[in-house]
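K.L.:
Structure in structure tokens, see below.
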Amino acid sequence: MSGHDSKYFSTTKKGEIPELKEELNSQYKDKRKDAVKKVIAAMTVGKDVSSLFTDVLNCMQTENLELKKLVYLYLINYAKSQPDLAILAVNTFVKDTQDPNPLIRALAVRTMGCIRVDKITEYLCDPLQRCLKDDDPYVRKTAAICVAKLYDINAELVEDRGFLDALKDLISDNNPMVVANAVAALAEIQDNSSTPIFEITSHTLSKLLTALNECTEWGQVFILDALSKYKAADAREAENIVERVTPRLQHANCAVVLSAVKMILQQMELITSPDVVRNLCKKMAPPLVTLLSAEPEIQYVALRNINLIVQRRPTILAHEIKVFFCKYNDPIYVKMEKLEIMIKLASDRNIDQVLLEFKEYATEVDVDFVRKAVRAIGRCAIKLERAAERCISVLLELIKIKVNYVVQEAIIVIKDIFRRYPNTYESIIATLCESLDTLDEPEAKASMIWIIGEYAERIDNADELLESFLESFPEEPAQVQLQLLTATVVLNNATVETDNPDLRDRAYIYWRLLSTDPEAAKDVVLAEKPVISDDSNQFDSSLLDELLANIATLSSVYHKPPETFVTRVRTLQKTEEEEFPEGSEGGYSETSSAHAADNGASPPPTSSTPPYATTKQPAPAAPVPDLLDLMGLDGDGGGDNAVVSVDQPVKTAGPPLPVLLPAASGQGLEISAQMVRRDGQIFYSLMFENNTQTPLDGFMIQFNKNTFGLAAGGPLQVPQVQPGTSERTLLPMVLFQNIAPGPPNSLLQVAVKNNQQPVWYFNDRISLLVLFTEDGRMERTAFLETWKSLPDSNEVSRDIPGIVINNVDATIEQLAPSNMFFIAKRKNANQDVLYLSAKIPRGIPFLIELTAVIGVPGLKCAIKTPNPEMAPLFFEALETVLKS
Amino acid sequence: MPVAASAIYFLNLRGDVLINRLYRDDVGGNMVDAFRMHIMQTKELGTCPVRQIGGCSFFYMRISNVYIVIVVSSNANVACAFKFVVEAVSLFKSYFGGAFDEDAIRNNFVLIYELLDEIMDFGYPQNLSPEILKLYITQEGVRSPFSSKPTDKPVPNATLQVTGAVGWRREGLVYKKNEVFLDIVESVNLLMSSKGSVLRCDVTGKVLMKCFLSGMPDLKLGLNDKIGLEKESQLKSRPTKSGKSIELDDVTFHQCVNLTRFNSEKTVSFVPPDGEFELMKYRITEGVTLPFRVLPTIKELGRTRMEVNVKVKSVFGAKMFALGVVIKIPVPKQTAKTNFQVTSGRAKYNASIDCLVWKIRKFPGQTEPTLSAEVELISTIAEKKSWTRPPIQMEFQVPMFTASGLRVRFLKVWEKSGYNTVEWVRYITKAGSYEIRC
């Protein structure tokens, strides 16, 4: 039964495009069909076949449904790049929407909605109006979704032409699938609109709940998700709703189950009868547990949601802790989430069982999982006072296994347990002291020293033990030094020599305190510590409410409200400002926010605490002269230094940098970085944010071989980063140091290390923008000559959709700061053509031709350059500038 | 928002795009590069199936040698997205007749494009039922292997069936002989401590059906589950016949089952799809009969020698037997030499999974074969970490046995033409994750 389409991927020799062109115009049907398949195959593997547009379009008028679908697929992909030619397809589309075959009618209206070309959109309105009232439900259900598509392209049009009312009528349609799609479309339109469009009344509610029974599984999801926004008037109504939704919990589709759970939880807030609530909790537990026998990816989604649900309704799964026991072959992400939930469900009743499990996990292979298991024991001790002793005895057993990282992790959590229950368990200190020698991680050492210092009076040889640490004092990381210092002060013994200013300062303060008033010193150093509390229910109530209202969605998986990661631009409104996604892990959205800051626009909404809010200003100008010295830039004129030093700190503190190493993967260290060009020099702008408990210092950086041979032009100058703060720096970069062979790409692999942590690796992208040199301007004649001298094979063109040029001059100005220089412009029919030039180091020029229709999305860019393989990088760079 | 996807990509293990479909305009066409660079080429691969890179989120699953990646930029419904992928893959499989892998995708790319256009619109999943889609998406004359009536020309009312209330069954099916096959397949999941106490034990069962029925039949299934029996005796106001009744912890049903009716009357009634499908899934934790007990003793004798004794006891009826029993007993990585003695079956040391693999093809009930082995280890100097002792794992199949004791009491078929049906019922119990710590 299997097909043999792979033959279409086999490339013919050169001249592929002309050959295809010929075949597309063949008089034989079969040959044309094969040719279209070849075109689609080429499109799939990423070849540009847009030049065949008219030829493919010619095949559109066919009786053959399969061929028609392929042509439509091609149209969806390339119409935007050929808006003028796409118009030619309109007639066939409109004709198809009146075809006697409902499949063709639906196909035409579905495809038209996917073609985001304004002129086509205009022609879509009449057919869409017809299709919304079509006799065939298949056409109506397709048309319903098409209204949402149209709204996304042109909201006004939808409102003006009365499509919203037509869509609302479909909610009463007699076909369940039409109803479901209409609900989905309306819910989406409402999501993107500030005016009330789709308000669910108790009447629509009851109608939709009835429709649930007959819908497809997906339709049930659409309806349940839309209805979950409904606020019941009173407890009785809420109970009625819940009663009609609970049968959905038995559905085999996990999305239906989660959406039903979401809706029930929403309504339960209103239900006052404890019996009803208890009963509902009982009903929801089994389906939630069943989700854990699905595919691991679905399990993960379910576990992240269960984590939220048990925070609000701890009783639901109180008796089901066993189902969260990890299986040996569970993927690591499932194990980690199960562990979190086990901590949340741990109680005095089941703690013995839970501890046995944790102990088992602590002997597994995966180090991260083992550490988390040990921490989990500590968290249970802090959460359950009565179980603390048992937790400690398990920890002691683990210490006896003498697996290095288990011991260290155990000591860290025991310190927290000591802080939570002071003066209770110090009898075990002797056992802890036995493993003193094995400690080599700063956090574990510091914890041990804290314990010794804190309980100095009860440890006979406390001074000896501390002395053994003091011997190696100068080599210790600062975290350990600080703790050691505090501990020794506790022992009234503070004579230290060091060159770390923080350490020295604290030592001096202690020393002065001690020398003037030992009692006061005691008060300060031995002051009561805040009590460590159980952190397993970490979200505050309103955030939890919001997350629970988003069950099954991304928000519930990330445990973040949607607005912190959805960067979607609603409509082109003034308030639109691309937020920098908190904890984002890539570098794709950086440029626009940088611009917003430059324009002095209003600061980003407070909901997303931008990473730079806590940024400590770097010591003014201090690193800057060093950098300039290094690069031998002081020859630029003595007076410049002052200018730079005033200018620099402001800039460095300014725009947020893209996060390349999130704190989660850097054990608390977050690194954000971006390549910038300043005064003809390339810098790597970096920010280090320390979310660990210890200060980090001794930062070093290295770059892997890359296309442009970018490498550090000097040592990385970062002061010690204190816990909870961040530091910024500018690292000068040099080119052509270690050039990677092979075709050009933008990948830049970076390695960063410090004294406290292992080496971190992360990836960045090199944008050509920072490479364009200031001398890239060309004379017109030189441009023309170069253009002619380069062979046609060196010309590469690309359509960049989604970019609107509203004003030619503004675009020129926009490009100039990036060293893309304007040469000439001309008009060709309704199109504006711009010529520009740019140059990258080693004198490689780019000759640029931009073609666009003013005010219409879509830009055609053609470049000629001696290095055409650089073209993809160039297009990427251009897109970045124009989109900002 | 129930949107499930803005774009879907099928990549091979190298990261080449096999096929892709953009459903929405809010993610760029080059987002797959970001996936390659930030997930595929890093250690991140496999650490979390949902990741945010820049302004977009990626959900991915690996199925054989293909990565299926969904990209969104809104607060999409992740559960819906993953379920969609799972369903789409089973749909493709049913079209290609079996495997879903890189070659199958390349060989059927036109068909996949066509299906992708049909099963999702603007990011909203539509009808994914293979039965119905095959009515009008036909490549090279795909036809139902079950039906005796060929369906070469597209059925004129296909569109009504796609959107209809019974969106999983087409009309006008005719079979000479009306048959229903019903399989109850149970997987026993067990986690037992080294001391022999049961830490976690449950049964996940499936009721699989194969229907070759004419017309639009109405089916009703009765099991010996507690709630169903109680409800029935209530309705008939007489006690049902005695016998074991089973308490089901949870049941989920195929979309053909009328859930509202199940909720009120506790009966499983449905109009089945044609051919093979999974009618229901259930989970049971109480009263599970474990088919096997495993009693391991593993002694580490010094640093270079280990003694392994494993006794496996079958506790099901003496007349029954288990098939394909495999017991995997873990040994340390530095195993050099092994000597076995087994009273039944064959055993060998498999170095690639660090296990002694003991296979018994036919395992009668009420017997207890043993394996005793001596394992010699290479002594290593730098062996700081002690051996972590992974659990013993077991595989088996026991025909005509259900660990839960579940039985089919009746399966009724009504069709307006009033034909007779032949019903076949089979039971089988398999090992799910059957782990014994040692």
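K.L.:
What is the average number of partner chain Cβ atoms found within 10 Å of a Cβ in A:208-220?
P.N.:
Averaged over the peptide's residues, the number is 5.
K.L.:
Would you work out which of A:Phe418, A:Met870, A:Leu24 lies farthest towards the positive end of the dipole of the protein assembly as shown, given +1 charges on the beta-carbon of Lys and Arg and -1 on that of Asp and Glu, about the Cα centre?
P.N.:
A:Leu24
K.L.:
Estimate the FRET efficiency between A:Glu122 and A:Arg236 by the formula 1/(1 + (r/R0)^6), using the beta-carbon distance for r and 41 Å for R0, to the nearest 0.05. Walk me through the numbers before you get to the answer.
P.N.:
Values: r = 50 Å, r/R0 = 1.22.
It comes out at approximately 0.25.
K.L.:
Tally up the carbon and sulfur contribution to the accessible surface of the range B:389-438 as a whole percent, 1.4 Å probe, everything protein left in place.
P.N.:
Percent of accessible area from carbon and sulfur atoms in the range B:389-438: 51.
K.L.:
Toward the positive end of the charge dipole of the protein assembly as shown, about the Cα centre and with charges on Cβ (Lys, Arg +1; Asp, Glu -1), which of B:Ile137, B:Ile246, A:Leu716 goes farthest?
P.N.:
Value computed over the given set: B:Ile246.
K.L.:
Next up: In µm²/s, what is D for the range A:5-244 at 25 °C and 0.890 mPa s, where D = kT/(6 pi eta Rh) by Stokes-Einstein and Rh is the Kirkwood radius from Cα pairs?
P.N.:
124 µm²/s
K.L.:
Using a 7 Å offset from the Cα along the Cα-to-Cβ direction at both B:Ser194 and A:Asn279, what is the distance between the two label points in nm, to one decimal?
P.N.:
Taking the simple label geometry, B:Ser194 and A:Asn279 are separated by 4.9 nm.
K.L.:
About the Cα centre of the range B:7-128, what is the dipole size in debye to 20, counting +1 per Lys and Arg Cβ and -1 per Asp and Glu Cβ, all else neutral?
P.N.:
Details: 10 positive and 13 negative charges, 84 e Å.
In debye, rounded to 20, the range B:7-128 gives about 400.
K.L.:
Count the lysine pairs in the range B:292-399 that are 8 or more places apart or on different chains: how many have C-alpha atoms under 14 angstrom apart?
P.N.:
Taking the Cα cut-off of 14 Å, the pair count is 10.
K.L.:
While we're looking at this one, here's another question. Students often get this wrong: which residues of the range A:300-328 have the backbone nitrogen under 20 Å from the point 7 angstrom along Cα-to-C-beta of A:Asp348?
P.N.:
Counting only backbone N, you get A:314-321.
K.L.:
A follow-up question, please. Tell me which of A:Thr62, A:Ser6, A:Met177 sits at the most positive position along the dipole axis of the range A:5-244, charges placed on C-beta atoms (Lys, Arg +1; Asp, Glu -1).
P.N.:
A:Ser6
K.L.:
Just the projected area, averaged over all directions, of the convex hull on the alpha carbon atoms of the range A:11-102: how many nm²?
P.N.:
On the way: hull surface 24.1 nm².
Mean shadow area of the hull around the Cα atoms is 6.0 nm².
K.L.:
Restricting the calculation to Cα positions, tell me the Rg (one decimal) and the Dmax (whole number) of the range B:326-397 in Å.
P.N.:
In order Rg, Dmax, the Cα atoms of the range B:326-397 give 13.8, 46 Å.
K.L.:
Right, next: Roughly how many debye, to the nearest 20, is the charge dipole of the protein assembly as shown about its Cα centre, given +1 on each Lys and Arg Cβ, -1 on each Asp and Glu Cβ, and no other charges?
P.N.:
6020 debye
K.L.:
Still on this structure: For the protein assembly as shown, how big is Rg over Rh, using alpha carbon atoms and the Kirkwood form of Rh?
P.N.:
0.98
K.L.:
Restricting the calculation to Cα positions, tell me the Rg (one decimal) and the Dmax (whole number) of the range A:704-779 in Å.
P.N.:
Using the Cα atoms of the range A:704-779, the pair Rg, Dmax is 15.5, 55 Å.
K.L.:
Can you tell me the accessible area per residue over the range B:7-128, all protein chains present, probe 1.4 angstrom, in square angstrom?
P.N.:
About 24 Å² of surface per residue is accessible.
K.L.:
If the chain between A:Glu22 and A:Ile854 were fully stretched, how many nm would it gain, using 0.36 nm times the residue separation less the Cα-Cα distance?
P.N.:
The span from A:Glu22 to A:Ile854 would gain 296.1 nm if fully extended.
K.L.:
On full extension of the chain, what length is gained from B:Lys231 through B:Leu45, given 0.36 nm per residue of separation minus the C-alpha to C-alpha distance?
P.N.:
Stretched out fully, the B:Lys231 to B:Leu45 stretch lengthens by 62.0 nm.
K.L.:
For each pair in A:Lys415/A:Lys560; A:Lys119/A:Lys825; A:Lys80/A:Lys119; A:Lys47/A:Lys119; A:Lys231/B:Lys266; A:Lys229/A:Lys282, compute the distance between the two Cα atoms and list the pairs where it is over 19 Å.
P.N.:
Beyond 19 Å: A:Lys415/A:Lys560; A:Lys119/A:Lys825; A:Lys47/A:Lys119; A:Lys231/B:Lys266; A:Lys229/A:Lys282.
K.L.:
Right, another one. To the nearest 20 debye, what is the magnitude of the charge dipole of the range A:256-348 about its Cα centre, counting +1 on the Cβ of each Lys and Arg and -1 on the Cβ of each Asp and Glu? Don't jump to the answer; show the numbers that get you there.
P.N.:
Numbers: 12 positive and 9 negative charges, 26 e Å.
The calculated dipole for the range A:256-348 is roughly 120 debye.
K.L.:
Further, regarding this structure: When the helix-only estimate is applied to the protein assembly as shown (DSSP H runs of n ≥ 4, each -39,500 (n - 2.57), divided by the residue count), what is the mean residue ellipticity at 222 nm, nearest 500 deg cm²/dmol? Display every interim value, and only then the final one.
P.N.:
Values: 45 runs with 501 residues, N = 1322.
Calculated from helices alone, the mean residue ellipticity at 222 nm is -11500 deg cm²/dmol.
K.L.:
Label point 7 Å out from A:Asp48 along Cα-to-Cβ: which residues of the range A:855-873 have amide N under 19 Å?
P.N.:
Flagged as within label range: A:857-873.
K.L.:
Roughly how many nanometres apart are two label points built 7 Å out from the Cα toward the Cβ at B:Arg303 and B:Ser64?
P.N.:
In this crude spin-label approximation the distance works out to 4.9 nm.
K.L.:
Hey, could you get me the Stokes-Einstein D for the range A:183-306, Kirkwood radius over alpha-carbon pairs, 25 °C and 0.890 mPa s, rounded to whole µm² s⁻¹?
P.N.:
Taking Rh from Cα pairs, D becomes 162 µm²/s.
K.L.:
How much of the calculated P(r) for the range B:7-128 lies past 22 Å, in percent of all Cα pairs?
P.N.:
Tail of the P(r) past 22 Å holds 29 percent of the pairs.
K.L.:
Starting from 0.36 nm per residue, how many nanometres of slack lie between A:Asn91 and A:Glu156 once their C-alpha separation is accounted for?
P.N.:
Separation in residues times 0.36 nm, less the Cα-Cα distance, equals 21.0 nm.
K.L.:
Using every pair of alpha-carbon atoms in the range B:159-205, split the distances into 10 Å bins beginning at 0 and state the percent of pairs per bin, rounded to integers.
P.N.:
All Cα pairs, binned at 10 Å, distribute as 19, 21, 20, 17, 14, 9, 0 percent.
K.L.:
Can you give me the distance in nm between label points at B:Val326 and A:Asn828, each placed 7 Å from the Cα along the Cα-to-Cβ direction?
P.N.:
Spacing of the two 7 Å Cα→Cβ label points: 6.5 nm.
K.L.:
Sticking with this one: Viscosity 0.890 mPa s, temperature 25 °C: what is the translational diffusion coefficient of the range A:751-867 from Stokes-Einstein with a Kirkwood Rh over Cα pairs, rounded to a whole number of µm²/s?
P.N.:
Translational diffusion coefficient: 153 µm²/s.
K.L.:
Let me make sure I get this right: for chain B, a, b and c are the square roots of the gyration tensor eigenvalues over alpha carbons, sorted descending. Under 1.5 in a/c it's rounded, otherwise prolate if a/b > b/c, else oblate. Which is it?
P.N.:
Values: a/c = 2.14, a/b = 1.21, b/c = 1.77.
Since a/c reaches 1.5 but b/c is at least a/b, the shape of chain B is classed as oblate.
K.L.:
Can you list the residues of the range B:170-218 that have at least 40 square angstrom less accessible area with all protein chains present than in their chain by itself, probe 1.4 Å?
P.N.:
Buried on complex formation: B:Leu199, B:Arg200.
K.L.:
Where only protein heavy atoms count, and the probe is 1.4 Å, what is the accessible area per residue for the range A:1-114 in Å²?
P.N.:
46 Å²
The values are calculated or read from the model by the stated rules, or taken from the named source; none is laboratory data. Note that the structure is a prediction, hence the values are computed from the model and not measured. Cβ atoms come from the backbone with ideal geometry, glycine included; neighbour counts cover every protein chain shown. We work out accessible area using only protein heavy atoms, side chains counted, and drop any ligands, DNA or RNA first. Shrake-Rupley method; radii C 1.70, N 1.55, O 1.52, S 1.80 Å.
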